[in-house]
Each structure stands twice: as structure tokens, then as C-alpha cells.
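Novice: Below is a structure I'd like to ask you about.
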Amino acid sequence: MPESTDHLTHVEAIKPPAGFLERHPSTPFLADFEEYKKLYRQSIDDPETFFGNMAREHLSWSKPFDQARYPPGTGFQNGDAAAWFLGGELNASYNCVDRHAIANPDKPAIVYEADEPGEGRVISYGELLKEVCQIAQVLTALGVKKGDTVAVYLPMIPEALVTLLAIARIGAVHSVVFAGFSSGSLRDRINDANSKVVITTDESKRGGKAIETKKIVDEALKSCPQVHNVLVFKRTGNQHIPWTDSRDLWWHEEKQRYPPYVAPTPVQAEDTLFLLYTSGSTGKPKGIQHTTAGYLLGALLTTKYVFDVHPQDVLFTAGDVGWITGHSYVVYGPLLNGATTVVFEGTPAYPNYSRYWDVVDQHKVTQFYVAPTALRLLKRAGSSHVEKHDLSSLRALGSVGEPIAPEVWEWYNEHVGRGKAHICDTYWQTETGSHIITPLAGVTSTKPGSASFPFFGIDPVILDPTTGEELTSTVAEGVLAVRSPWPSMARSVWGDYNRFLDTYLRPYPGFYFTGDGAARDKDGFFWILGRVDDVVNVSGHRLSTAEIESALIEHPLVAESAVVGFPDELTGSAVAAFVSLKHKNLEDVAETKKELVITVRKEIGPFAAPKLILLVNDLPKTRSGKIMRRILRKILAHEEDQLGDISTLSDPTVVKHLIQVVHENF
Ligand code: 6R9
């Protein structure tokens with residue numbers, strides 16, 4: 001946590017941009033900040049009534065629910081998360097597709113921007129319904145039943161959305177694995193979820209390059225004996241992809257066997273909609289489990305109120321469907337609201353740094369949402385790439401995944417929003433399902449770098465990290481927790497409820513623990529200060545240091561390793577690995593380091609590759625053998641005068657050696 005947050009008290013709030021309402025399509029959802037405060041109070045004091053009304057108004061139910069929140073009241077009763085909308089039945093794909101297709105079949109649901117400019121297409125709600133229904137029938141024919149998990153390893157193409165909605169249509173559970181993950185990570189996730197069907201492409205395209213997606217899947221499936229079918233969408237048409245006749249099926253061949261409509265399967269409100277694996281403090285990734293009605297309501301309401309999304313809007317979330325941002329704000333949020341969602345396959349730098357702005361200009365995007373890491377890249381590339389575009393359609397600009405530095409916020413505001421779009425720094429997590437601390441576009445005054453105030457139903461508190469006591473003064477700094485359950489919070493870790501409780505609800509009894517540090521300033525604004533656990537955030541990708549350590553140990557030369565994050569101008573944080581080897585006096589140090597990086601790329605994925613590898617004789621350990629990563633972080637920051645108490649180290653002389661290695665290499 002930063003040493004001091006005193007400077008925060010001097011930051012002045014900026015009012016919502018002038019002219020916001022002039023470019024607004026219809027009546028605003030909220031008149032002003034006073035109305036937000038009134039509704040917020042209701043949502044905290046009586047969540048049952050507040051969310052009960054919202055769920056009846058915004059979602060379509062095949063059977064109405066009996067009770068909005070169980071058990072009634074507020075808080076984490078008995079230390080468990082609450083259940084929402086019990087007795088109710090609904091279907092996610094009906095809510096995302098059918099009801100809009102019925103009302104307006106020709107309305108664009110998806111604008112697909114392919115990796116290569118000009119190769120995209122527009123898909124209407126009517127067309128989407130047909131595709132979803134056909135793939136739903138393919139899955140049923142492959143034996144997928146209500147409650148079964150289906151693994152999805154797809155790039156950012158419309159078929160990714162079709163796939164998720166088709167799985168949901170038959171009451172099955174989707175488990176998307178980000179297509180940047182290695183075959184080993186994919187294998188672990190397929191097996192943990194016990195998925196028997198995998199959906200993928202022949203290849204993917206990104207930044208002008210082809211990626212051998214099917215080959216990675218096949219490699220993973222060598223150790224997934226339960227998988228009996230792979231459904232493959234032909235993306236590039238490369239003839240030379242591996243194929244197993246008895247198992248693999250082409251998407252286009254299977255799809256055409258089925259008629260354009262099949263009725264959705266109603267599920268219970270609390271039935272699982274999806275799993276999404278995420279990293280935590282320990283090595284084994286957790287399958288975060290989200291339920292249907294609560295999650296849908298959270299994605300719907302945040303999209304509507306945070307980004308001010310109206311049905312005629314075009315939302316461009318430049319995040320991958322392999323992460324929660326893609327789930328909530330590429331797929332579910334925009335479609336639930338009947339808006340148009342942009343599905344972007346490429347990168348911000350291909351064919352040049354104008355790509356995002358070409359898309360915004362061409363499709364008259366009204367809301368744009370991206371991680372600060374991309375903004376840092378574009379800021380560095382120069383404002384000339386932004387300036388030649390007409391970006392006047394933009395009303396809200398979102399930021400997600402990591403803290404946004406004030407100078408990046410200013411750049412976004414000035415060059416992209418041109419002072420007319422509202423910047424929304426949205427704080428949330430895979431586990432929260434949807435935004436929890438965020439400004440509301442057109443309503444909330446903002447301070448660059450602060451995520452501002454809680455969304456409806458979120459009762460955030462700052463706790464003393466050691467005692468767990470709530471810090472009730474307005475100005476406070478500690479760990480961020482939430483006092484009461486909300487509809488879109490995760491319900492469990494797949495197959496391990498105890499681990500869910502241990503990670504989120506038991507560390508500070510009575511609260512949901514976020515794992516982040518936070519401060520509250522004199523005006524009540526929340527400032528997120530980053531993770532307090534062993535999680536490193538690289539370009540908005542959440543990595544567990546323990547997971548990288550277990551990858552490194554796969555290399556035959558590695559005796560032990562300790563991984564920590566360190567600040568990086570472009571990626572926010574970068575990964576540093578301190579590694580001790582089994583054999584000393586290596587002949588080729590550079591080659592060994594290269595091999596270690598390759599090991600991590602292979603075991604986890606390219607995005608987890610350490611930027612810095614430091615070969616050391618020993619690691620700083622306590623007498624009980626615990627690695628003191630705090631010392632490694634300080635040495636990397638060249639703050640060796642602030643190491644604190646090192647008397648608990650079993651061998652304090654190791655510190656001198658570590659300092660020397662860091663100075664030689666970094
Ligand atoms: C949505 C998403 C969650 C972690 C979270 C925090 C960091 C997310 C942030 C932010 C500062 C923001 N984080 N949004 N930090 N300001 N606006 O990113 O989910 O991948 O699960 O990561 O990301 O550390 O705990 P996920």
C-alpha cells in the first residue's frame with residue numbers, strides 16, 4: 001500500500017461534463033446525484049424491495065420469484081452469501097436475445113470488427129436468435145444437459161457470444177478459458193470443471209497473425225479423457241489443422257441440421273450460469289461460480305446506470321470475452337439492455353494506433369470501455385492518431401482492471417472525450433460480477449484516479465487490516481470490504497464452497513473481503529490502492545505469483561523461486577522472478593533465463609511471462625521457511641534502506657547478496 005494518501009485530500013471533484021444531456025438520446029435514467037443518493041439509500045436499507053422491484057421491471061421471468069432475498073434482511077447472515085429471487089424461473093438467452101428479437105428483429109445486436117479492417121459484419125437480433133437456437137440444438141445433440149459445463153476457447157468473434165447464449169439457452173454452464181492461455185492451463189480448467197464438450201476455432205487472428213487455436217486445444221485434450229466432442233468454428237480455413245474424426249465436428253456442418261428456433265429451457269434463479277477461472281493467492285485457479293438471475297440483474301443495471309446505455313446506443317468494450325469484463329460488458333450487459341455491442345477481434349495497434357478510433361468513428365460508438373494499459377500505449381503513441389477522427393458520438397468512457405493514473409485520465413478526457421464524455425473509472429472483480437464502486441455517467445462528479453462511490457446495493461467499508469475493525473471516520477485507509485451481499489456476487493468456488501468462504505467471507509467475519517487496499521478521502525470518494533495479497537496485475541490481467549512459481553518449478557534446473565510484482569510504465573505492474581537453481585556455475589546465463597521465460601509462457605500463457613529473471617543463491621526465508629516477498633519488493637524498488645525488520649530471516653546475510661544481484665541486473 002502507498003506510504004501516504006494525504007495528497008488525495010487536495011484533489012477537487014470535477015462536475016459531469018457540460019453538454020452531456022444535449023447529446024442524450026432520451027429522458028435520463030436519473031435526474032441528478034441527489035436521486036442517486038436517494039435510491040442508493042433504499043438499496044442499502046431494504047435490498048429486498050429495491051432489487052425485487054428492479055428484477056421484476058428489468059428481467060423477463062417465465063415464473064415469478066417468491067422472495068427477492070433469502071434470508072431476508074441485510075448483511076452476511078451466518079457468514080454465508082445470500083440467495084436471490086428464489087422460486088423464480090427465467091432463461092438468460094431469452095432475456096438477452098428473444099425479447100429484443102420479438103420487438104425489433106432487424107435491430108443490430110452485434111457489430112463485428114474483424115482483426116483485418118473491413119472484414120467485419122453486423123448481426124441483427126433476429127439473426128442472433130437463429131444462430132443461438134441452432135447451436136443450442138447442436139449442443140443438445142452432443143448430449144449436453146442442464147447443469148453440465150461446456151468449455152469455451154474462442155477468440156473475440158460473434159460466435160463467442162452465440163456460444164455463451166446457446167449454452168445458457170439449454171440451461172448448461174459456460175466456462176470460458178481466455179484464448180491466450182496455454183494448453184496446460186486450458187487442460188487444468190477443462191478437468192476442474194469436468195467439461196465434456198469444448199468449443200473452439202481452427203485458428204484465431206490477432207494483430208495480423210494467425211494463432212493455432214485448435215492445435216492448443218488438441219494438446220490440452222491429451223489429458224482430458226472425459227471430453228467426447230470438440231465443436232470447431234472455421235475462422236481462417238487453414239487446411240492443416242489437427243483433426244480427430246471420431247471427436248471433432250465443424251460448427252457450420254452441424255448448425256445447418258437444425259431449424260431456426262428452439263424454446264429456451266427455464267432455469268431456477270440460483271442455477272449456475274457460468275464459471276470463470278481466476279487467480280488468487282494460491283497456485284490453483286478458482287472456478288468462480290455465478291448464478292443466473294442475480295448476475296444478469298447486476299450486469300443489466302450497471303450497464304444501464306453506469307454507462308447510461310439506452311437501447312439505441314452502441315457500446316464498445318475493448319476487453320476479451322475470456323475475462324469477466326467481456327462477460328458482463330461485451331455480452332450480457334449490452335444485450336440485456338437491447339443495445340448494440342461491438343465485438344472487436346484485433347488489437348489497438350493493428351494495423352496502426354488509430355484502430356479503436358476508426359471503430360468509434362465508423363460505428364458511432366456511444367460508450368467506450370477499456371483498460372488503462374491500452375490507454376498508456378495509445379497515449380505514448382501520440383495524440384495525432386486520435387485527432388483526425390470524429391469521436392463526437394461518445395458520451396461515456398470507461399476504465400477498468402487497474403488504477404488509472406491521473407495523467408492518463410486527463411489524456412483520455414481531453415483527447416478522446418474532448419471534455420464532453422464522462423470518464424467512469426469502474427472498480428470491480430470477477431467475483432463481484434459487475435461494477436461495485438464507480439461513477440454514474442452524467443450524474444457523479446469525478447476525481448481523476450478515484451472510482452468514486454458505490455453502486456446500488458454495495459455497502460463498502462474500510463477495515464483495519466490487522467484488527468479487522470471498521471474504520472468509520474470519513475478519511476480512512478485500510479483494506480476494502482463489503483458489508484452486505486448483492487445480487488451479482490459470486491456464490492461459490494466450483495466444487496469447493498469451503499475455499500470460497502476461506503477466501504472471501506472468513507478473513508474478516510461479517511464482510512466480503514476484496515483483496516484490495518483502499519482509501520476514503522474527506523469528500524467520501526473511494527481510491528483503490530491495489531492488491532494486498534499475492535496477486536500481480538499485469539496489463540489488467542490478474543496473475544497469481546504462486547501460479548507463476550509453480551510454473552517455474554517445472555523447469556528441471558529450478559530449485560526454488562519467488563515471484564513478485566514491480567511497477568512498469570506500460571503494463572502497470574510487471575513480473576519479477578527470483579530463482580535459485582539446482583546447479584550453480586552455469587555456462588550460459590542468458591540462455592537459462594530465456595528457457596525460464598519460455599517455461600512460464602508454456603505453462604500459463606504469454607501474458608504471464610516474467611519481465612525480469614534474477615538468478616540468486618538463496619531466497620529470503622523465515623525460520624519456518626516462509627519466503628518474505630516484502631523484502632524482494634523493497635530491494636527491487638531500490639528501497640533497501642526500508643527493509644524493516646529482517647531479524648526473523650533464517651539467514652540475514654542473504655539480503656546483501658540479493659541487493660547485489662538486483663543492482664547488477666536492474
Ligand atoms: C474487472 C476486473 C480484479 C482486480 C481488483 C483490483 C483490480 C479492477 C479496478 C482495479 C483499480 C479499478 N481493479 N478495476 N483497480 N481501479 N477501476 O478487472 O476483474 O480480472 O477479477 O480483477 O483488478 O485489484 O481486485 P478481475
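Novice: Under the 0.36 nm per residue contour assumption, what length would be gained going from the current alpha-carbon distance of VAL122 and ARG633 to full extension?
Specialist: So the chain would gain 179.1 nm between VAL122 and ARG633.
Novice: On to the next question. First select every other residue whose beta carbon is under 13 angstrom from the beta carbon of VAL589; then total the charges, Lys and Arg +1, Asp and Glu -1.
Specialist: Result for the neighbourhood of VAL589: -2.
Novice: Assuming R0 = 35 Å, what is the FRET efficiency of ALA103 and LYS146, from their Cβ-Cβ distance, to the nearest 0.05?
Specialist: 0.80
Novice: Follow-up. Once a ≥ b ≥ c are taken as the square roots of the eigenvalues of the Cα gyration tensor of region 272-375, is the result rounded (a/c under 1.5), prolate (a/b larger than b/c) or oblate (a/b not larger than b/c)?
Specialist: oblate
Novice: Putting +1 on Lys and Arg Cβ atoms and -1 on Asp and Glu Cβ atoms, find which of ALA55, GLY237, ILE123 reaches farthest to the positive end of the dipole of the chain.
Specialist: Sorting the options by dipole projection puts first GLY237.
Novice: Could you tally the net charge around LYS215, taking each other residue with its Cβ under 13 Å from the Cβ of LYS215, Lys/Arg +1 and Asp/Glu -1?
Specialist: Net charge in that neighbourhood comes out at -4.
Novice: Can you list the residues, at least 5 places off or on another chain, whose amide H is less than 5 Å from the amide H of VAL343, using H built in the peptide plane?
Specialist: Answer set, sorted by chain and number: VAL111, TYR112, GLU113.
Novice: Relative contact order for the chain: what is it in percent, counting Cα pairs under 8 Å that are at least 6 residues apart?
Specialist: Across the chain, relative contact order equals 13 percent.
Novice: List the residues whose amide H sits under 5 Å from the amide H of ALA574, counting only those 5 or more places along or on another chain, with H placed 1.01 Å from N in the peptide plane.
Specialist: PHE566, ASP568
Novice: Let me ask something else. Once you charge only the Cβ atoms, +1 for Lys and Arg and -1 for Asp and Glu, what is the size of the charge dipole of region 94-268 about its Cα centre, to the nearest 20 debye?
Specialist: 340
Novice: Using 0.36 nm times the number of residues separating ARG56 and ASN617, minus their current alpha carbon distance, what extension gain do you get?
Specialist: 195.7 nm
Novice: Same structure, new question: Sorting check: for 59-65, 300-306, which peptide has the highest mean count of neighbouring beta carbons within 10 Å, and how do the rest follow?
Specialist: 300-306, 59-65
Novice: Antiparallel versus total DSSP beta bridges in region 94-268: what percent is that, nearest 5?
Specialist: 30
Novice: Another question, if that's okay. Is the C-alpha gyration tensor of region 38-127 telling us rounded, prolate or oblate? Criteria: a/c under 1.5 is rounded; beyond that, a/b larger than b/c is prolate, otherwise oblate.
Specialist: In terms of gyration-tensor shape, prolate.
Novice: Now, a different point. Can you give the net charge of the other residues whose Cβ lies under 15 Å from the Cβ of HIS174, counting K and R as +1 and D and E as -1?
Specialist: Neighbourhood net charge equals 0.
Novice: Sticking with this one: In nm, to one decimal, how far is the ILE598 label point from the HIS252 one, both placed 7 Å along Cα→Cβ?
Specialist: 3.7
Novice: Over 24 Å between C-alpha atoms is what I'm after, so list which of LYS364/LYS447; LYS63/LYS145; LYS222/LYS594; LYS214/LYS594; LYS286/LYS602 land there.
Specialist: Listed pairs above 24 Å: LYS364/LYS447; LYS222/LYS594; LYS214/LYS594.
Novice: What's the extension gain from ALA349 to GLU35 if we count 0.36 nm per residue and subtract their Cα-Cα distance?
Specialist: Gain in length upon complete extension: 108.9 nm.
Novice: Using a 1.4 Å probe and ignoring any ligands, DNA or RNA, find the accessible area of CYS133 and quote it in Å² to the nearest 10.
Specialist: Here the residue's solvent-accessible area equals roughly 0 Å².
Novice: Something else about it: Taking region 601-659, which GluC sites (Glu not before Pro) meet the DSSP loop condition and have no more than 13 other C-beta atoms within 10 Å?
Specialist: GLU639
Novice: Say each of LYS209 and HIS228 gets a label point 7 Å from the Cα, pointing the same way as Cα to Cβ; how far apart are those two points in nm?
Specialist: 3.8
Novice: Which whole-Hz couplings ³J(HN,Hα) result when phi for each residue of region 616-625 is put into the Karplus expression 6.51 cos²θ - 1.76 cosθ + 1.60, θ = phi - 60°, listed in order with x for Gly and Pro?
Specialist: In residue order, the calculated couplings are 10, 6, 7, 10, x, 10, 6, 5, 8, x Hz.
Novice: For labels at ARG23 and LYS626 in the simple 7 Å Cα→Cβ model, what's the distance in nm?
Specialist: Placing both labels 7 Å along Cα→Cβ, they lie 5.2 nm apart.
Novice: Still on this structure, I have one more. Given only helices, namely DSSP H runs of n ≥ 4 each adding -39500 (n - 2.57), what is the per-residue ellipticity at 222 nm of the chain, to the nearest 500 deg cm²/dmol?
Specialist: Calculated mean residue ellipticity at 222 nm is -8000 deg cm²/dmol.
Novice: Which of the peptides 264-270, 641-647, 40-46, 651-657 is most tightly packed, and how do the rest follow, going by the mean number of other Cβ atoms within 10 Å of each residue?
Specialist: Answer by packing, highest mean first, reads 264-270, 40-46, 651-657, 641-647.
Novice: Just name one of PRO25, PRO652, GLY442: the one whose Cα is farthest towards the positive end of the charge dipole of the chain (beta-carbon charges, Lys/Arg +1, Asp/Glu -1).
Specialist: Final value for the positive-end residue is PRO25.
Novice: Scan around GLY515 for amide H atoms under 5 Å from its own, H built in the peptide plane at 1.01 Å from N, and keep only partners 5 or more places away or cross-chain.
Specialist: Under 5 Å from the amide H of GLY515: LEU480.
Novice: Can you tell me how region 351-427 classifies by the Cα gyration tensor, rounded, prolate or oblate, using a/c under 1.5 as the rounded cut?
Specialist: The shape class here is oblate.
Novice: Considering only the chain, what is the antiparallel percent among its DSSP beta bridges, to the nearest 5?
Specialist: Roughly 60 percent of the beta bridges in the chain run antiparallel, per DSSP.
The values are calculated or read from the model by the stated rules, or taken from the named source; none is laboratory data. Predicted model only: the values in this text are computed from it and were never measured. Cβ: placed from backbone, ideal geometry, glycine included. Neighbour counts: every protein chain shown. Keep in mind that these areas ignore ligands, DNA and RNA; they rest on the heavy atoms of the full protein, side chains included. Shrake-Rupley method; radii C 1.70, N 1.55, O 1.52, S 1.80 Å.
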